[in-house]
């Protein structure tokens, strides 16, 4: 039982490049989330998926797209990366109640 | 908009002492609160939660207190240990949205 896994762990992009961050959970959770965390700040919700087949915007969705591929996987795509998207990205899934389990994060730098 | 914030960005305590980390929230409709611990280079880890119909909840070495009158939440850590050094976040949930709003975090430093 690996919990929530994220790939890659680190990534450097040039402005305008695209990439997809992958997230998978093996806990059979219905809801999944993508957050970004900027230095010295809390987490801000980008997008979430309450259940397979549905996605909704969070606080900061601009510049991102998501896909809930199946119950296990929830990917985050940057179509045209910008320096303002330099951040650490966390994926999470929701257990019963409101407790979210977080992955280890992807550290993204856009130059 | 509504937000969750913290009073102290950094807290330094002596090993063995008790720690108190505070959090203010602004949305009176929040009905569920969680404390997370984040160690360097890792994702946040659940510590303890409390529902709005409670004012206190205890776990192992940790206690969360909720004062709805002043919209204040605190995390108390008893006999603080070096392994408790981390950034602590409070988060709130409003209604049944299953979305959490996080505060900006407090860094806890434990002096040996």
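So here's what we get for this one:
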quantity	calculated
Qualifying residue in segment B:78-87 (condition: in contact with a strand residue (DSSP E or B) (Cβ under 6 Å, 6 or more places away or on another chain) and under 18 Å from residue A:37 (Cα atoms))	yes
Checklist (1) assigned to a loop (DSSP other than H, G, I, E, B); (2) surrounded by 14 or more Cβ atoms within 10 Å (Cβ to Cβ); (3) more than 14 Å from every other protein chain (Cβ to nearest Cβ) applied to residue B:98, failing item	(3)
Strands (runs of 3 or more DSSP E) contained in segment A:1-105 and holding at least 2 residues under 21 Å from residue B:38 (Cα atoms) and at the interface with another protein chain (Cβ under 10 Å from one of its Cβ atoms)	A:4-7, A:32-37, A:43-49, A:87-94, A:100-102
Wholly enclosed strands (runs of 3 or more DSSP E) of segment B:1-85 bearing at least 1 residues within 13 Å of another protein chain (Cβ to nearest Cβ)	B:10-14, B:19-25, B:30-38, B:45-51
Tabulated pairs, segment B:1-16, first within 17 Å of residue B:32 (Cα to Cα), second loosely packed, with under 14 Cβ neighbours inside 10 Å and at pLDDT below 90, C-beta under 6 angstrom, 6+ apart or interchain	B:2/B:26; B:3/B:26
Condition broken by residue B:56, with the remaining ones in (1) farther than 18 Å from residue B:104 by Cα; (2) in contact (Cβ under 8 Å) with a residue 12 or more places away in the chain satisfied	(2)
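The values are calculated or read from the model by the stated rules, or taken from the named source; none is laboratory data. Here the structure is a predicted model, which is why all the values come from computation and not from measurement. Positions of Cβ are backbone-derived with ideal geometry, glycine not excepted, and every protein chain shown enters the neighbour counts.
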